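Chemist: Here it is, the structure in full.
The values are calculated or read from the model by the stated rules, or taken from the named source; none is laboratory data. Small disclaimer: the values here were computed from a predicted structure and weren't measured. In this analysis, Cβ positions are derived from the backbone assuming ideal geometry, glycine residues included, and neighbour counts consider all displayed protein chains. To get the accessible areas, we keep the full protein, side chains included, count just its heavy atoms, and leave off ligands, DNA and RNA. Shrake-Rupley method; radii C 1.70, N 1.55, O 1.52, S 1.80 Å.
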Amino acid sequence: MNIFKIVGALGIVLISIGIIVKKRKNQNIYYILGGLCLEIYSIYIGDLIFIILQIIFILAAIYDSIKMKYNGKNN
């Protein structure tokens, strides 16, 4: 199996775990890591729309994580 497909599958698994976990801080970590994995895969397959969507997803998770840090919400 191609390493990029494994990275893409790992991304889906990490995002799925992020949906299941209850702590918001941990969710964002899983979302960011999963999004990065899917970004690598989307670059590999060369799908411009998917590349852009993954960048937006990652930036949104980073923004939410920073916003939580400054608002003092760590759960």
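Chemist: Tally up the carbon and sulfur contribution to the accessible surface of the chain as a whole percent, 1.4 Å probe, everything protein left in place.
Modeler: 70 percent
Chemist: With every protein chain left in place, what is the accessible area per residue of the chain in square angstrom, probe 1.4 Å?
Modeler: On a per-residue basis, 70 Å².
Chemist: Could you work out how far the C-alpha centroid of segment 1-46 sits from that of segment 51-71, in angstrom?
Modeler: Computed from Cα coordinates, the inter-centre distance equals 14 Å.
Chemist: Taking the Cα-to-Cβ direction at I55 and at R24 and moving 7 Å from each Cα, how far apart do the two end points lie in nm?
Modeler: 2.8 nm
Chemist: Another one. From the P(r) of segment 34-75, can you give the percent of Cα pairs sitting at distances over 13 Å? Write down the numbers at each step before the final one.
Modeler: On the way: 471 of 861 pairs.
Value for segment 34-75 (Cα pairs over 13 Å): 55 percent.
Chemist: Here is a further query. What trypsin sites (Lys or Arg not before Pro) does segment 26-75 have in DSSP loop regions with at most 11 other beta carbons within 10 Å? List each step's numbers first, then the result.
Modeler: On the way: sites: K67, K69, K73; in loops: K73.
Passing sites in segment 26-75 are K73.
Chemist: Further, regarding this structure: Distance check, please: which entries in K23/K67; K22/K67; K5/K67 exceed 22 angstrom between their Cα atoms?
Modeler: Violating the 22 Å limit, Cα to Cα: K5/K67.
Chemist: D47 to D64: extension gain in nm, 0.36 nm per residue of separation minus the Cα-Cα distance? Before the final figure, lay out each step's value.
Modeler: Working: separation 17, 0.36 × 17 = 6.12 nm, distance 2.59 nm.
Here the answer is 3.5 nm.
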